[in-house]
Amino acid sequence: MSQFNPLEAFNLPIVYWQIIWAGIIVAFVTVFALFAVYLERKISAYAQDRMGPMETGGWQGWAQTIADALKLLLKEDIIPELADRRLFKLAPYIVFAGSLGVMAVIPFGVNLIGTDLNIGLYFILALSSTVVIGILMAGWASNNKWALYGAMRSAAQMVSYEIPIGLSLMLPVLLTGSLSMIDITNAQKSGILADGYFWNWYIFRVPPFTLIAFILYFWASLAETNRTPFDIPEAESELVSGYHTEYTGIRFAMFFLAEYANMFIVAAIASVVFLGGPLAPAPWLNWIPGPIWMLLKSLVLVFIQMWLRWTLPRVRVDQLMHICWKIFLPLALVNFIVIATLVVLWQK
Amino acid sequence: MAEMRTALGMPITHQTKTSKNPIIQWILDVWEGFYTVLVGMGVTWRHFFRKPFTVQYPHEKLNIPKQARQRVHVDIDLCGGCLQCDKICPAGIIKIVTAKPVAGEDLGVRPNGKRRALHIAEFTIDHSKCLYCGLCETVCNDDAIYMIPDFQYTTRSLEQLVVNYSRYSPEERDRVVAAAAAEKAAKQASKPAVPQTKVSDPQPNIPSPSVDSDVFNEKCPGPDGEFK
């Protein structure tokens, strides 16, 4: 495992490092959103025996999303006449800030992190809840029935699914004894079996409970990011586009960016907490740096999100609540109780 | 227990397991939900590696059937100027101007061996109004008008779709038409009023169809419903 420490390497004050890291994260999220939209188009195309974008930029239409983003930035910025102007303008920034703020505590390497908060995971859950406020704000301020319906559904769904997500993420916290993302990563280096291998990752640590917790987290995170099969907040066939129906141009781009940033964030959290984050799956693969493993794991999870999206139909609102409260919550609770008991027994 | 079928009548091969214990039933339901999602993902996975059905249209094209009705084309060298296509065209988009050659002028022979009896001074088709019925192709005696495999002939303006297939420039057209008219006028001056009466005469030698003719007796079914 590369032990590259940027603080020591460049001898920078921590504030400078954090500002630089914030810039890197914003650039990364933008590039990732462009890439993810392209990937999604290609995956949806091949799942339906099509080809997707093939023209713009030559090879496989690689420049299509760049062209689309440029077009989006040049669009007129329309605010509806009866909208609540102040809230309407504020909402996309809250949604985007809530998504981007989470990136501060996600470790891309063992030492490569914006800030190693001792309440890292708690910070993630707390900050991602503010996204709900932004979405409700957007839906309310638009003064449009579709937008309000979308926002209400989104709020109900996100608040409900916070619970199985929180309970699933508590398992690694119980096993580590810390909320810090760096501590959680380092705790996956060694375990009962030989050190440095993938079987020390939390997903394989206490079978089958941590595996179930991982699956629960991953499924609930689909609801958290408003993706199929839980995309009822922006169900195109019912609600035009959900809470961002009235948004155009740069403000719409902010929502769009936040949506795809959220996809990456939930995948990154899952890979840090359950899949060892920047850790290599075997000691002889340690020469590949941590950020590459981190990106690889996250991108595989993003791919699975898209794969699921183009496989499953949308669930109804009542089915959504049924899945959350009658299936995910009991499973997560049983998991939590079993792991908590085991941890207590081990410590004695 | 009767065989279970879906709404579309397909038999359900996968039998859902049931249990009387509600907790075990719940676990079975959750497992089945998860398992069927995996089955669906497997279906999607197989589609990832299938050959796409779509064709990258401007770069590659599907084969069009030979008998497809597409753009009308005129091989003006074969055209005899019989005006059949002009008469049959439902849209009335074919405009042909012919002129008789003046005395002593020989227009030669067409590629199909027939004598060229008329100047095809103008042969204009307004492609913007063509309805691709193919009747002109059917009635043509000389196979001069036919469909060619070209369905994409977009132009910048409607005027560009009005195509003149004749080899005569407008000046030449006016010249041959004027020459033919002048010669006809000269002929009429030498033989006054004779053709007028001939045309207005009734034509006694055209047979009018009657019920007793052989054709009708052959085609019409008799009282028994049989052909005689």
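What follows draws every value from the coordinates through simple rules; no lab data is involved. Keep in mind that what you see is a predicted model, and the values were worked out from it rather than measured. No Cβ is skipped: glycine too gets one built from the backbone with ideal geometry, and neighbour counts run over all protein chains shown.
For B:E172 paired with A:Y16, estimate the spin-label separation in nm (one decimal), with each label point 7 Å from Cα along the Cα-to-Cβ line.
8.5 nm
Below 19 Å, Cα to Cα, which lysines can A:K71 reach? Residues fewer than 8 away in the same chain don't count.
Within reach: none.
Compute the distance from the alpha-carbon center of region A:61-119 to that of region B:54-114, in whole Å.
The distance from the Cα centre of region A:61-119 to that of region B:54-114 comes to 62 Å.
Using DSSP to call loops (not H, G, I, E or B), can you name the trypsin sites (Lys or Arg not before Pro) in region B:28-109 whose Cβ has at most 14 other Cβ atoms within 10 angstrom?
B:R50, B:K61, B:K66, B:R69
How much mean residue ellipticity at 222 nm does the protein assembly as shown get from its helices, if each DSSP H run of length 4 or more adds -39500 (n - 2.57) and you divide by all residues, to the nearest 500 deg cm²/dmol? Let's see the in-between values first.
Working: 20 runs with 293 residues, N = 576.
Here the helix-only value at 222 nm equals -16500 deg cm²/dmol.
Between A:S44 and A:V344, 0.36 nm times their residue separation minus their Cα-Cα distance comes to what? Walk me through the numbers before you get to the answer.
Working: separation 300, 0.36 × 300 = 108.00 nm, distance 4.64 nm.
Here the segment from A:S44 to A:V344 would lengthen by 103.4 nm.
Within region B:73-101, find all residues whose amide N lies under 20 Å from a label point positioned 7 Å from the Cα of B:V109 along Cα-to-beta-carbon.
Output list for this probe position: B:76-81, B:101.
Mean projection of the alpha-carbon convex hull of region A:6-347 over all orientations, in nm²? Present the calculation step by step, with values, prior to reporting the outcome.
Values: hull surface 75.9 nm².
If I average the Cα hull's projected area over directions, I get 19.0 nm².
If I model a spin label at A:H322 and A:T56 as a point 7 Å from the Cα along the Cα→Cβ vector, what separation in nanometres do I get?
The two pseudo-label positions are separated by 4.1 nm.
Over region A:33-134, what is the relative contact order in percent, taking alpha-carbon pairs closer than 8 angstrom and at least six residues apart?
Dividing the mean separation by the residue count of region A:33-134 yields 19 percent.
Taking only Cα atoms and a 10 Å spring cutoff, compute GNM fluctuations for chain A and point out the largest among A:R153, A:R86, A:R251.
A:R86
Is there a quick way to get the dipole size of the protein assembly as shown? I mean about its Cα centre, with the Cβ of Lys and Arg at +1 and of Asp and Glu at -1; what is the value in debye to the nearest 20? Don't jump to the answer; show the numbers that get you there.
Values: 48 positive and 47 negative charges, 64 e Å.
So the dipole magnitude of the protein assembly as shown works out to roughly 300 debye.
Could you state the principal axis extents of the C-alpha atoms in region B:71-189, from the largest down, to the nearest angstrom?
Principal extents (largest minus smallest coordinate, Cα): 49, 31, 22 Å.
Please build a GNM for chain A, connecting alpha carbons under 10 Å apart, and tell me which residue among A:D77, A:D231, A:D318 fluctuates the most.
Result for chain A, Cα springs under 10 Å: A:D318 fluctuates most.
Take the alpha carbon gyration tensor of region A:55-175, find the square roots of its eigenvalues, order them as a ≥ b ≥ c, and report rounded if a/c is under 1.5; if not, report prolate when a/b exceeds b/c, else oblate. Working shown, then result.
Values: a/c = 2.20, a/b = 1.24, b/c = 1.77.
Since a/c reaches 1.5 but b/c is at least a/b, the shape of region A:55-175 is classed as oblate.
Could you pull out every whole DSSP H run in chain A that spans at least 24 Å of Cα extent along its own axis and averages 0.0 or higher on the Kyte-Doolittle scale?
Span-like helices, by this rule, are A:14-47, A:85-102, A:120-141, A:145-176, A:249-273, A:290-309, A:329-347.
Taking Rh as the Kirkwood radius computed over C-alpha pairs, what is the Stokes-Einstein D of the protein assembly as shown at 20 °C in a medium of viscosity 1.002 mPa s, expressed in µm² per second? It would help to have the intermediate numbers written out before the result.
Working: Rh = 31.2 Å.
Rounded to a whole number, D works out at 69 µm²/s.
Below 21 Å, Cα to Cα, which lysines can B:K17 reach? Residues fewer than 8 away in the same chain don't count.
Those lysines meeting the cut-off are A:K326.
Tell me which residues come under 5 Å, amide H to amide H, from B:I145 once H is placed; ignore anything under 5 positions away on its chain.
B:D75
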